[in-house]
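The next block holds one structure in the form of structure tokens; read it before the comments.
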């Protein structure tokens, strides 16, 4: 006799409900239900074939949130008496998230107001998702101002983070070990990519933030990539020679380390160039001074080095490098189309 079973994420639902109740006093139940129905789409939301990674902020005082940001821009677009238009509003606003805007939903004074908000900043400065939780102004008022930011980290994990400093990670993967901390893995890569650069703490922090922002855009706009960090004294041999090596490496640091003035246009142009390289097949190579050396680089897969690794050609290539024990290769940042990511040092 055939059997049929249904499996539900009941525990996840109850945890999300508990989080909303604890972090946002008076969050409307009917709006909550609308959000719960939309929630599973956060990791794979599409409009007309284009994938978006929605960023959604629920708050009871969007003007107070704006006051806590260094360079905010807010556009109010809809105001409703109830939650009936929730799905339609999100469909209208989701495409803006592709360009670093965040959807805000303000629940106050018996109305639900929708709009978009962004911190208009340099590529070398922290994004809205970072600065809103670092704002001393907002932290000092966290008992009165409710704010919950909901973002998709990868293809299976959605994070809810509140102004009170609490966070909830919801994992849709069956493998409990599948969750990876996006910011932590990118930070490990960025630290390796600038480990031999000597400059002021301020300028080093700006460079690291720029790299961090670029790789968050990789997750949003590209999906899969491999970036290898080598020592600045690295001399390529046959192992990483199959690719496009730049005659003159792109030294991102020199764009604004040699002077107190820098060109935002040049920074953005080079960052977009780097993003395009990362989107190419093969690997992008940088050194530990933060210079871009090569892209579209391939290695011959070593089945012994790969072992029992489960995944496609990109993941097997990453582990071929990680297990190569090659002198001068520091580590590998890997990101798959389904959102898996890690930074791993090359075995010695």
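Figures for the structure shown
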item	result
Test: residue in region 125-134 that is modelled with pLDDT under 90, exposed (fewer than 15 other Cβ atoms within 10 Å of the Cβ), outside any loop (DSSP other than H, G, I, E, B) and in contact with a strand residue (DSSP E or B) (Cβ under 8 Å, 6 or more places away or on another chain)	no
Enumeration of residues in region 102-119 that are at pLDDT 90 or above and more than 24 Å from residue 84 (Cβ to Cβ)	118
Among the residues listed as 311, 339, 331, the single one being part of a strand (DSSP E or B), assigned by TED's automatic domain parsing to the domain that holds residue 194 and either buried (at least 19 other Cβ atoms within 10 Å of the Cβ) or at pLDDT below 85 (or both)	331
Test for residue 264: is it in contact with a helix residue (DSSP H, G or I) (Cβ under 8 Å, 6 or more places away or on another chain), modelled with pLDDT under 90 and over 20 Å from residue 191 (Cα atoms)	no
Qualifying residues in region 96-124 (those that are free of Cβ contacts under 8 Å to residues at least 40 places away in the same chain and surrounded by fewer than 17 Cβ atoms within 10 Å (Cβ to Cβ)) - the one nearest to residue 268 (Cα to Cα)	99
Verdict on residue 259 being closer than 28 Å to residue 122 by Cβ, at pLDDT below 90 and assigned to a loop (DSSP other than H, G, I, E, B)	yes
Condition broken by residue 37, with the remaining ones in (1) touching a strand residue (DSSP E or B) at 6+ places or on another chain (Cβ under 7 Å); (2) farther than 19 Å from residue 162 by Cβ satisfied	(1)
Complete set of residues in region 135-171 that are under 27 Å from residue 337 (Cβ atoms) and surrounded by fewer than 15 Cβ atoms within 10 Å (Cβ to Cβ)	167, 169
Residue in region 32-40 that is surrounded by fewer than 19 Cβ atoms within 10 Å (Cβ to Cβ) and not in a helix (DSSP H, G or I) present	no
Residue in region 200-222 that is buried (at least 18 other Cβ atoms within 10 Å of the Cβ) and either at pLDDT 90 or above or not in a helix (DSSP H, G or I) (or both) present	no
Among the residues listed as 149, 93, 77, the single one being within 20 Å of residue 38 (Cβ to Cβ), outside any helix (DSSP H, G or I) and free of Cβ contacts under 8 Å to residues at least 40 places away in the same chain	77
Residue list for region 268-293, filter: surrounded by 21 or more Cβ atoms within 10 Å (Cβ to Cβ), assigned to a helix (DSSP H, G or I) and touching a helix residue (DSSP H, G or I) at 6+ places or on another chain (Cβ under 7 Å)	274, 278
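The values are calculated or read from the model by the stated rules, or taken from the named source; none is laboratory data. Since this is a predicted model, take the numbers as computed values, not measurements. Here Cβ is always computed from backbone atoms with ideal geometry, including for glycine, and neighbour counts include all displayed protein chains.
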